[in-house]
Amino acid sequence: MTEATITPAMLSTAEVARAYREAKAKRAKRAALLKHVFLIVTSLIMIYPLLWMLASSLKPDNQIFGDLGLWPREFQWQNYWAGWNALPVSFTTFFWNSTVVTVLSVIGNVISCSFAAYAFARLEFSGKTIWFALMMMTLMIPYHVVLIPQYLLFLNLGWVDTYLPLIVPRFLAGDAFFIFLMIQFFRQLPRELDEAAMIDGCSPFKIYWAIIMPLSLPAMATAAIFSFIWTWEDFLGPLVYLNDMEDYTVPLALRSFISSDGVSQYGPMFAMSILSILPIILFFVIFQRLIIRGIAMSGLK
Amino acid sequence: MAAVTLSEVRKAYGNVAVIHGIDLAVNSGEFLVLVGPSGCGKSTLLRMIAGLEEITDGTIAIGDRIVNDLPASQRNLSMVFQSYALYPHMSVRKNLAFGLVNLRMPRDEIDRRVAEAARILRIEELLERKPRQLSGGQKQRVAIGRAIVREPQLFLFDEPLSNLDAELRVQMRVELASLYNRLGTTMIYVTHDQVEAMTMATRIVVLNKGRIEQVGTPYELYNAPANLFVATFIGSPKMNVLAGTAAGGRAEIAGLGMLDLPGGISADGQISIGVRPEQVVIGAGDLTVSGTITLVEYLGSEVFLYVRLNSGDTLLVQAPGQSQYKIHDSITLGINSKEAHYFNGMGLRLG
Amino acid sequence: MLRFFRRNFAGYAFLSPWLIGFFLLAIGPILASLYLSFTKYNVVRPPQWIGLDNYFYMFQMDQRFWKALQVTFSFVVISVPLKLIFALGVAMALDKGIRAIGWYRALFYLPSILGGSIAVAILWRQLFNYDGVINSILRLFGGDGPYWLSDPKYSLWTLIVLAIWQFGSPMLIFLAGLRAIPQELYEAAEIDAAGPVRKFFAITVPLLAPVIFFNLVLQMIEAFKSFSGAFIISGGTGAPLDSLLFFTVYLYNEAFSFLRMGYASALAWVLLLIIALFTAIAFWTSKYWVHYENERG
């Protein structure tokens, strides 16, 4: 027997297993590669419009259309300057207005919604289940349905052309989404903490302030971030309640670019559009983890 | 230090009654343990004393004050929770001081008490840590510390040791007992672990389905259980129970023979005879029976034998650790009438 | 009495901002809107009771009402399923510890967070211009793009694409749902010789059904409510030829451009009922296809 012939039967089981493992690993690798290609292509398509807008904000008007490129041949920075002052009122005012409305709305939302959530999640009172059901139902009501009577109410109060219709409802826990989000969070905190605090002499308000709030900072931050983004982007509210350009918020001012009769100033328009979403993008980059967890947790918008 | 008096205390959630009229007097300076199977209402009762749960009916008095409508914080008591309930965002020092600050106690008095509690519980070097940096035993100590800094007249414990591993539990049990000896404050302690109950209590209350089955010292509960429930609940492993029929001073144990009841006990009709595993004699007794070993549990210091009797009953027998019994061995056992417990048809103790 | 007061005081104290808001800004307005829907009201003169006239007019004579319904329904029926399919596909590609998942997740979600902004609506208008980006790309491949914005045949697609572009939040919810499916089930299926397709339909879909259902309801309601995109892209009117006349846009114009508050209120109530109806249908049918594994209270 000088020639050794290797038959499959002679292969040791270990070798078979190794070959199998290798084949499997190779398959998995190829699948992962395919997945990555798919994901990269998709995310590029997703993000392309935004990059195009950024590029266009730096191009001269005549190079914007028909140009798919993302790198301007010449950087026209004055688009930003021109856009900032393109309307009869400067964007300084619009950004200030938006900031005022947004900051106050965020504060109002966090305070009033956490109050309501604390009551629902932690306190006992008669009628709680009914109120809770009603609160959940308001999640479904489209803003358009309450818009007209609310408008008439604020009109009679003389609040139209002020920021009150945009801010006061936020202090009345108008956004049930946030209440729901916070309830979910509060319920995860052990109830024995409240009880220990009760024995330690805390009133319900002290428990809210000294125990629940400090332990719910992630939930509060999530609500604050979403509240910020939604208020900053809000269009319908300002559209209905603000008529004087001096009072415009940024989204409303942006619209003036397209309604202002055919004068083509696309570069400045895109420049201001970019600036208008910049705070949101910054927030998103900084608080990305909180935002993504918040959505997974409550199924927010 | 204060006595606690419960009279006709009831609790119902909607229409579901969970505590049915409890009368109980806790003596001042006593270590009272509430014990019972899960769902017996022991925690509910404790929480009602604490003021965390409303009382549906009846009155609770601490000292000579009726506290039914007093909020928890004004009852001058402390409570240690099963989960410790340490405030996660506060340092150990702040956890200990929190209740005192709420009482607007002067700063130096707070510092003094915190230092004192930390010294007693040997947690001085942990004071600046957050609860999540502590081990289970350390958390437990902090929880106890938070209870003692308030120098209350009553301590409540809700299964405080059940989250600890076995070794630590034994250690904390010893520490709790010595803490009690040192402070001498009234303590009410809920547990489902009868070893804790037996070792620490001055008196034990056995609860079942929202009613008190028996109140007594550990000795009384073990040696003179008032009824079948207490008899089988206290003692581990469980007491053997055989069914019998009594006529005057004698009883026939089904399928096993006749047993003379000890002096002073006579009954007629259905009775139960209870014998603890360590009271079953190996060899002959007042009643001698034979059977086959079906299972041997070797524990080192002793051996538990499961013996299937000819009548079909199984007796659990404790034998010395050195004995060499094997499964399927035949064995002769004796029951002595003075060492057995007797219960009537209602399950109540005879004699 | 004292006890009752004390037991309820804290709860209602904390609830009071919401309660005030609920009565003044939610339930009050809904009822007021119901009343107004039976009136003719132009803000200047007091509301005038006209019974069901608004509704008769709406259903029998108002062509634009039917057009708005048709546009909105088309939008919902096309965009929601596409969006969910997209979201699920990407979520599945992202599932199971792929590298750089954080980056992908963030990139895919970014459009959703910007989607409601006017900036994006303005951008969209330009992308779909006749000489905009979309048509430039089509030309690269030798096609000739239509007048997306001014041809009523195509205009709705701009908004459908905009909606699909924002698949981020259902994707995140799907991702969380996929994570909750025990890996052992797939391993067991593999031992049972199930291929990828079979695994998808036999394990993923049934176990994900509650999440799919949740996303479906949520996205449907969102789609019915969507406004700013259509408003900006159509120049505020629903043009061209009312092909972008979303129900919300029509309602807004009736109320605030023509000050027909009574009629607009009637429209609002119809919208509310439609959304309620669709939600109810979703819940009602859910028991036939959504199985909750463990019913926890």
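Annotations
- Some residue of the range C:38-45 being charged (D, E, K, R) and touching a Gly at 6+ places or on another chain (Cβ under 6 Å): yes
- Verdict on residue A:60 being outside the structural domain of residue A:162 (by TED's automatic domain parsing), surrounded by fewer than 17 Cβ atoms within 10 Å (Cβ to Cβ) and more than 30 Å from residue A:166 (Cα to Cα): yes
- Elements of type helices (runs of 4 or more DSSP H) in the range C:1-112, at least 3 residues being more than 30 Å from residue C:262 (Cβ to Cβ) and out of contact with any helix residue (DSSP H, G or I) (no Cβ under 8 Å at 6 or more places or on another chain): C:2-21, C:63-94
- Residues satisfying the stated conditions in the range A:64-76, i.e. in contact with a helix residue (DSSP H, G or I) (Cβ under 9 Å, 6 or more places away or on another chain) and more than 13 Å from residue C:133 (Cβ to Cβ): A:71, A:72, A:73, A:74, A:76
- Residues that are crowded, with 16+ Cβ neighbours inside 10 Å and under 18 Å from residue C:273 (Cβ atoms) were ranked within the range C:28-52; the one that is farthest from the other protein chains (Cβ to nearest Cβ) is C:38.
- Test: residue in the range B:68-82 that is among the hydrophobic types (A, V, I, L, M, F, W, C), more than 23 Å from residue B:195 (Cβ to Cβ), free of Cβ contacts under 8 Å to residues at least 60 places away in the same chain and not in a strand (DSSP E or B): yes
Residue by residue, here is whether (1) surrounded by fewer than 19 Cβ atoms within 10 Å (Cβ to Cβ); (2) modelled with pLDDT under 90 holds:
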residue: A:203; (1), (2): yes, no
residue: A:223; (1), (2): no, no
residue: A:232; (1), (2): no, no
residue: A:246; (1), (2): yes, no
residue: A:252; (1), (2): no, no
residue: A:256; (1), (2): yes, yes
residue: A:282; (1), (2): yes, no
residue: A:285; (1), (2): yes, yes
residue: A:294; (1), (2): no, yes
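- Conditions (1) among the β-branched types (Val, Ile, Thr); (2) closer than 22 Å to residue C:115 by Cβ; (3) more than 15 Å from the chain's Cα centre (by Cα): number failed by residue C:212: (3)
- Checking residue B:78 against (1) away from every other protein chain (no Cβ under 14 Å); (2) in contact with a Phe, Trp or Tyr (Cβ under 6 Å, 6 or more places away or on another chain), the condition it does not meet: (1)
- Residue in the range C:131-160 that is surrounded by the fewest Cβ atoms within 10 Å (Cβ to Cβ), counting only those that are at the interface with chain A (Cβ under 10 Å from one of its Cβ atoms) and among the hydrophobic types (A, V, I, L, M, F, W, C): C:140
- Each residue in the range A:127-164 was checked for being outside any helix (DSSP H, G or I), closer than 26 Å to residue C:270 by Cβ and without any contact (Cβ under 8 Å) to a residue 12 or more places away in the chain, and 3 of them qualify.
- Candidates in the range A:113-127 are the residues that are more than 25 Å from the chain's Cα centre (by Cα) and at the interface with chain C (Cβ under 7 Å from one of its Cβ atoms); of these, the one that is surrounded by the most Cβ atoms within 10 Å (Cβ to Cβ) is A:119.
- Taking the range B:221-236 as the range and being of a type outside the set (Ser, Thr, Tyr) and surrounded by 14 or more Cβ atoms within 10 Å (Cβ to Cβ) as the test, the residues that pass are B:221, B:224, B:225, B:226, B:227, B:228, B:229, B:230, B:231, B:233, B:234, B:235.
- The single condition among (1) in contact with a Phe, Trp or Tyr (Cβ under 8 Å, 6 or more places away or on another chain); (2) without any contact (Cβ under 8 Å) to a residue 12 or more places away in the chain; (3) within 20 Å of residue C:112 (Cα to Cα) that residue C:230 does not meet is (2).
- Residue count for the range B:327-345 under the criterion of being part of a loop (DSSP other than H, G, I, E, B) and modelled with pLDDT of 90 or more: the result is 6.
- Considering residues of the range A:200-214 that are touching a Phe, Trp or Tyr at 6+ places or on another chain (Cβ under 8 Å) and touching a residue at least 60 places away in the same chain (Cβ under 8 Å) only, the residue farthest from the other protein chains (Cβ to nearest Cβ): A:212
- Among the residues of the range B:185-221, those that are more than 18 Å from residue B:161 (Cα to Cα) and either part of a helix (DSSP H, G or I) or acidic (Asp, Glu) (or both) comprise B:213, B:218, B:219, B:220, B:221.
- Scan of the range A:169-210 for residues that are charged (D, E, K, R) and more than 30 Å from residue A:157 (Cβ to Cβ), ordered by number: A:187, A:191, A:192, A:194, A:195, A:200, A:206
- Whichever residue in the range B:53-75 is within 10 Å of chain A (Cβ to nearest Cβ) and over 22 Å from the mean Cα position of the chain (by Cα) and, among such residues, is modelled with the highest pLDDT: B:75
- Residue in the range A:165-182 that is nearest to residue A:119 (Cα to Cα), counting only those that are assigned to a loop (DSSP other than H, G, I, E, B) and within 7 Å of another protein chain (Cβ to nearest Cβ): A:173
- Qualifying residue in the range A:187-199 (condition: without any contact (Cβ under 8 Å) to a residue 40 or more places away in the chain, touching an Asp or Glu at 6+ places or on another chain (Cβ under 9 Å) and either within 14 Å of chain B (Cβ to nearest Cβ) or over 26 Å from residue A:131 (Cα atoms) (or both)): yes
- Total residues in the range C:165-217, condition loosely packed, with under 15 Cβ neighbours inside 10 Å and not in a helix (DSSP H, G or I): 5
- Close contacts from the range B:17-28, counting a first residue that is under 19 Å from residue B:39 (Cβ atoms) and a second that is among the small types (Gly, Ala, Ser), with Cβ to Cβ under 6 Å and a gap of 6+ residues or different chains, come to B:18/B:41; B:18/B:210; B:19/B:41; B:19/B:210; B:20/B:210.
- For the range B:321-351, a residue qualifies if it is in contact with a Phe, Trp or Tyr (Cβ under 8 Å, 6 or more places away or on another chain) and not aliphatic (A, V, I, L, M), and the qualifying residues are B:321, B:347, B:349, B:351.
- Failed item in (1) buried (at least 16 other Cβ atoms within 10 Å of the Cβ); (2) at pLDDT below 85, with residue C:255 passing the rest: (2)
- Here A:58, A:87, A:104, A:70 are screened, and the one residue that is out of contact with any Asp or Glu (no Cβ under 6 Å at 6 or more places or on another chain) and under 30 Å from residue A:210 (Cβ atoms) is A:104.
- Residue within the range A:151-167 that is among the polar types (S, T, N, Q), farther than 30 Å from residue A:213 by Cβ and either out of contact with any Asp or Glu (no Cβ under 6 Å at 6 or more places or on another chain) or surrounded by fewer than 21 Cβ atoms within 10 Å (Cβ to Cβ) (or both) present: yes
The values are calculated or read from the model by the stated rules, or taken from the named source; none is laboratory data. Just so we're clear, the structure is a prediction, and the values are computed from it rather than from any experiment. Note that each Cβ is placed from the backbone with ideal geometry, even for glycine, and that neighbours are counted across all protein chains shown.
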